[in-house]
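One structure, as structure tokens, below. Some questions next.
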Amino acid sequence: MQFFPVRRAWLAPLALVLGACQVLPPPEGARATQGSVRAGTPAEARIVAEALDALAPRVRALIPDARTRPLSVWVQDVPELYWLPRTVMPEADGFYAPGMHRIHLRREAEDLDRTLAHELVHATLGPSWEVLPGTLEEGVCDVLAAQVCPASAARLRAGRLSSASLALGSISLELSGSLPADAAPSGVEIRFLAHLRLDGPASVPVDPLDVFRSSAGLSSAKLSPHVKKALYGLAGMVVQRIVDRSGIAGLHELCLRAARENEDQIPADWILEAAGLDRDPEHWRRALLEGIGPQELAEFVRGHSELATPALLEFLGAGACEASPGLVLARLSACVRLPESGASLDLLSEPAVRASLMRALQHELGKKPGRRASTLPP
Ligand SMILES: [Zn+2]
């Protein structure tokens, strides 16, 4: 995300006042070869300074036309620049303020290094990248940050791609499994196959081509959080497809071509062609889901651990509460599969899913007359 002060003519004379309205820098500092860090404690400042020195050169190495300039990084409880007017972006783990050459990070960010890498990409993209339309720059930041910080890349992609898929409609998963006869209350083997459908939060699907029109990464963007997340997911998917096909250099070549042909921004058709996409929203939804591989599916299920519980309970049937939950869980096999990517996951291998099903089975057992929860077998 990038922070740009709202451009209003009457604001200019207030720039001096705004300067005075900046929040105070965090108390402790550390020098780095790539810039300076302000944070809550000397140790925190040193750790982030080391991360800055480790990540900045690696980010620069990935980017054609990369800027080299010293940066300052502030680590805050809530990333903010001004206290008047209050500039807080509640959903952001960080932002880059180009006017200050400064990166603001949320202390409790999901992955501080990956967030730093994302904002470093904003800070490093040279002027030739300014022709990227809409939210595409955010896609470049996410794709390159995932390259230099692969540890949580699958979780980032799972969140982004699923938000975008849900904003375009729904996600359907195949649920299949079995319980052998000797563990089934009825004494008959149970086999099941079903479709789990997750619907998006909004009644009106997002138009995927908005990724070229709306700049969800700007602090001034007046978009709902779910639309912002969806546009980030769409941007990341488009950029990843171009990078997979022609590298980051291929995307940069589109920037240079746009400049050569006096285009203010890269035309959407050039990007669609480079990404192997067209204007059909169904093809976009499919492309998003194709990006959800086994790791992303596991992350998605971890984030939605109750997802299959009602369906599994239904398959186990009323008899399920006769048997010991421990035995059922020990013998049950259940798998989800995403048809578009072919990714699948053994559900019972996920502790959060097991815990959710165990709770549900114990709850069912607890409802039986004469069986109080305290007497339930483990
Ligand atoms: Zn960003």
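The values are calculated or read from the model by the stated rules, or taken from the named source; none is laboratory data. Computed from a predicted structure; not experimentally measured. Positions of Cβ are generated from backbone atoms using ideal geometry, with glycine treated the same way; all protein chains shown enter the neighbour counts. Areas reflect the complete protein model, heavy atoms only, side chains present, ligands, DNA and RNA absent. Shrake-Rupley method; radii C 1.70, N 1.55, O 1.52, S 1.80 Å.
All but one of (1) within 13 Å of the ligand (Cβ to nearest atom); (2) in the same structural domain as residue 52 (by TED's automatic domain parsing) hold for residue 111; state the number of the condition that does not hold.
The single condition residue 111 does not satisfy is (1).
Moving on to the next point. Suppose we filter 344, 305 for residues that are among the hydroxyl-bearing types (Ser, Thr, Tyr) and within 16 Å of residue 193 (Cα to Cα); which single one remains?
On the way: 305 fails: within 16 Å of residue 193 (Cα to Cα).
Testing whether each residue is among the hydroxyl-bearing types (Ser, Thr, Tyr) and within 16 Å of residue 193 (Cα to Cα) leaves just 344.
Right, another one. I'm told residue 227 meets every condition in (1) modelled with pLDDT under 95; (2) surrounded by 18 or more Cβ atoms within 10 Å (Cβ to Cβ); (3) not assigned by TED's automatic domain parsing to the domain that holds residue 337; (4) not in a helix (DSSP H, G or I) except one. Can you identify the failing condition by its number?
(4)
Only residues that are farther than 22 Å from residue 140 by Cβ and part of a loop (DSSP other than H, G, I, E, B): list them for segment 39-69, please.
Residues satisfying the conditions are 40, 41.
Residues checked against (1) open to solvent by 40 Å² or more (accessible area, probe 1.4 Å); (2) without any contact (Cβ under 8 Å) to a residue 24 or more places away in the chain:
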position: 264; (1), (2): yes, no
position: 280; (1), (2): yes, yes
position: 288; (1), (2): no, no
position: 329; (1), (2): no, no
position: 339; (1), (2): yes, no
position: 343; (1), (2): no, no
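In addition: Only one of 154, 164, 194 is within 16 Å of the ligand (Cβ to nearest atom), aliphatic (A, V, I, L, M) and outside any loop (DSSP other than H, G, I, E, B). Can you tell me which?
On the way: 154 fails: within 16 Å of the ligand (Cβ to nearest atom); 194 fails: within 16 Å of the ligand (Cβ to nearest atom).
From the options 154, 164, 194, the qualifying one is 164.
Condition check ((1) under 26 Å from residue 135 (Cα atoms); (2) modelled with pLDDT under 95; (3) within 16 Å of the ligand (Cβ to nearest atom)) across all residues:
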position	(1), (2), (3)
18	no, yes, no
24	no, yes, no
37	no, no, no
45	no, no, no
49	no, no, no
59	yes, no, yes
65	yes, no, no
69	yes, yes, no
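Regarding segment 174-182, can at least one residue be identified that is within 15 Å of the ligand (Cβ to nearest atom) and either part of a strand (DSSP E or B) or crowded, with 24+ Cβ neighbours inside 10 Å (or both)?
Looking for residues that are within 15 Å of the ligand (Cβ to nearest atom) and either part of a strand (DSSP E or B) or crowded, with 24+ Cβ neighbours inside 10 Å (or both), one finds none in segment 174-182, hence no.
Can you confirm whether segment 249-262 contains a residue that is without any contact (Cβ under 8 Å) to a residue 40 or more places away in the chain and small (Gly, Ala, Ser)?
yes
Looking at segment 270-287 only, could you name the residues that are within 20 Å of residue 168 (Cα to Cα) and assigned to a helix (DSSP H, G or I)?
271, 272, 275, 281, 282, 283, 284, 285, 286, 287
Report yes if residue 342 is at positive phi and at pLDDT 85 or above, otherwise no. Show your work before the answer.
Numbers: at positive phi: yes; at pLDDT 85 or above: yes.
So residue 342 fits the description; yes.
What is the number of the single condition among (1) aliphatic (A, V, I, L, M); (2) within 24 Å of residue 252 (Cβ to Cβ); (3) out of contact with any helix residue (DSSP H, G or I) (no Cβ under 8 Å at 6 or more places or on another chain) that residue 78 does not meet?
With respect to (1) aliphatic (A, V, I, L, M); (2) within 24 Å of residue 252 (Cβ to Cβ); (3) out of contact with any helix residue (DSSP H, G or I) (no Cβ under 8 Å at 6 or more places or on another chain), residue 78 is out only on (2).
With the condition kept exactly as written, say whether any residue in segment 130-144 is away from the ligand (no atom under 13 Å from the Cβ), of a type in the set (S, T, N, Q) and either within 17 Å of residue 58 (Cα to Cα) or open to solvent by less than 10 Å² (accessible area, probe 1.4 Å) (or both).
For segment 130-144, residues away from the ligand (no atom under 13 Å from the Cβ), of a type in the set (S, T, N, Q) and either within 17 Å of residue 58 (Cα to Cα) or open to solvent by less than 10 Å² (accessible area, probe 1.4 Å) (or both): absent.
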